[in-house]
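Here's the structure, in structure tokens; my notes come after.
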């Protein structure tokens, strides 16, 4: 199938834009690659320290055969349900490596915080920056120079982007990402959302809310809605960094274990073949990631994370690229919050193999990419199964098992991907409209300005928001307070919308990866603390948010607008407590959201 012209155009302009930075990256990775097996250039004393605690037979293997040694970078903890399964992965990986004459070691661990736990709490102000700390933790582990390949164990929101950013700076090594899978399905997502709204209205108490939430989040594995964590897993698969079909196999099953063993053995093979992560993360692979995000209605957080990942590989992308691809990439998945199904239902209906096959056949993905299992993304139209206890692959289904959840291109749920760029005199932002009904996609209403999400919630409880309005929540960007998610607002705004009011949100902060049915212009750049025009808004100013036209603007006469000062806010409450004082430097150095909210510069 011929590639879609827009896919070609966007890919080519990214290459043109990235020519210098990508060439620099490739030269650095090539220099590292030419140094050979890194431990060959490390002194015997250094190596002895690294292998001192290894079992005797593993030492003999390394000494006698110079067999590949695989580094495991793990984000295991037993507080996160998604990462709980990783507890026994190192043992599985070591045995799988030994079975083919190689060795494996846990090279290091990374932090892994849960946005679900910190949502609406001060700890959320550390969340986005944890991604860069994870990247640095990954680099620390790999800096020992005793590994020939890496296995990366991570699932959730900032963890996978952080692991990949770190791994890309060691892109001369092979890398395979190893998922843990989603928890089994609990109560229906629609029921969970209903209880949350009833709680926001004061119609049910905390006991009912807690019972509902625990019925949804009930066992080990990823949360089953399609937020950032599961968007991560989709991305790793469509970018060719997972074993095919590995993303959504539930924990604790024989197939899950077999896929982990297969990932280990594949990492060893890649090392022996000289194939590296830098070979795999190209402009084409990054574009494939954007297409996958759009076709599945994935998390808006990746409008920040994908630019950051791309930067780590010397590739420059921006929201124009997302917007132009979104115009031609159809929405093929209806998974909560833009549908009633969960990711287990999506997987059962055909999952990633079906989705990738449809997009390849429509000319909307690049097939000419290197993956961890070979050349060509078409290898990911296969799905795994067990043969004598080992993972094997067969062609995926060509027919959706449930067209209400997973649609072919010919009958897509929407002709576009639902993620759009909004521009105007307030700056640049993005909006996810895949879950927003058509009648709510345009609103013109007076602004009500808040400097914290709790101010809006308090106003709601006082009955002051029973009207049409655009909520402006400012000083929520990376430099102001770490850009916490504002997901706590979703039930309240949804209640007002269901009462018949026209409401919208405009902010320099983030919403959750599960952004819902209320129109929200998010990630406004530049943020107010960096001189963003959102700081000029005053209560009562008329704001137009038009998702169809790609506009978000303040309807204020230019002569008045140009003379207005940017608001100033005392942010001292964001500087201390809950460890926030340790992140002062990161807040100071963070780039804007469109360039990834990065706290370091790869091009200096």
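Before moving on, here are some points about what is shown:
- With contacts taken as Cα pairs under 8 Å at a separation of at least 6 residues, the chain carries a relative contact order of 15 percent.
- Those residues of segment 391-434 whose amide nitrogen sits under 13 Å from the label point placed on residue 17, 7 Å along Cα→Cβ: 421
- Sorting 277-287, 572-582 by average packing, meaning the other beta carbons within 10 Å per residue, from highest down gives 277-287, 572-582.
- Taking the fewest neighbouring Cβ atoms within 10 Å as the starting point, the ordered list for 452, 83, 385 is 385, 452, 83.
- Distance from segment 533-604 to segment 115-187 (C-alpha centre basis), Å: 27 Å
- Virtual paramagnetic centre 7 Å along Cα→Cβ of residue 188, amide N under 16 Å, in segment 385-419: 404-405
- Intensity falloff of segment 419-595 expressed as log10 I(q)/I(0), Debye formula with alpha-carbon point scatterers, at q = 0.19 Å⁻¹: -1.30
- FRET efficiency, 1/(1 + (r/R0)^6) with R0 60 Å, evaluated for residue 53 and residue 571 via beta carbons: 0.85
- Estimated from helices alone, the mean residue ellipticity of the chain at 222 nm is -11000 deg cm²/dmol (sum of -39500 (n - 2.57) over DSSP H runs with n ≥ 4, per residue).
- For peptides 231-237, 393-399, 350-356, 468-474, sequence by mean Cβ density within 10 Å, most packed first: 231-237, 350-356, 468-474, 393-399
- Summary value for segment 430-511: 33 percent relative contact order, contacts being C-alpha pairs under 8 angstrom separated by 6+ residues.
- Computed E for residue 561/residue 397 - FRET, C-beta separation, R0 60 angstrom, nearest 0.05: 0.65
- Here the calculated FRET efficiency for residue 27 and residue 466, from their Cβ-Cβ distance with R0 = 45 Å, stands at 0.15, rounded to the nearest 0.05.
- Relative packing of 11-17, 340-346, which averages over residues the other C-beta atoms within 10 Å, highest first: 340-346, 11-17
- Entry note, segment 352-404: relative contact order of 33 percent, from Cα contacts under 8 Å with a spacing of 6+ residues.
- Gain on full stretching of the segment that runs from residue 459 to residue 539 - 0.36 nm per residue minus C-alpha separation: 27.4 nm
- Compared with the dominant principal axis of the Cα atoms in the chain, helix 19-34 is inclined by about 30°.
FYI, it's all coordinate maths here, none of it is from the lab. This is a predicted model, so every value here is computed, not measured. Ideal geometry is used to build each Cβ from the backbone, glycine not excepted, and the neighbour counts take in all protein chains shown.
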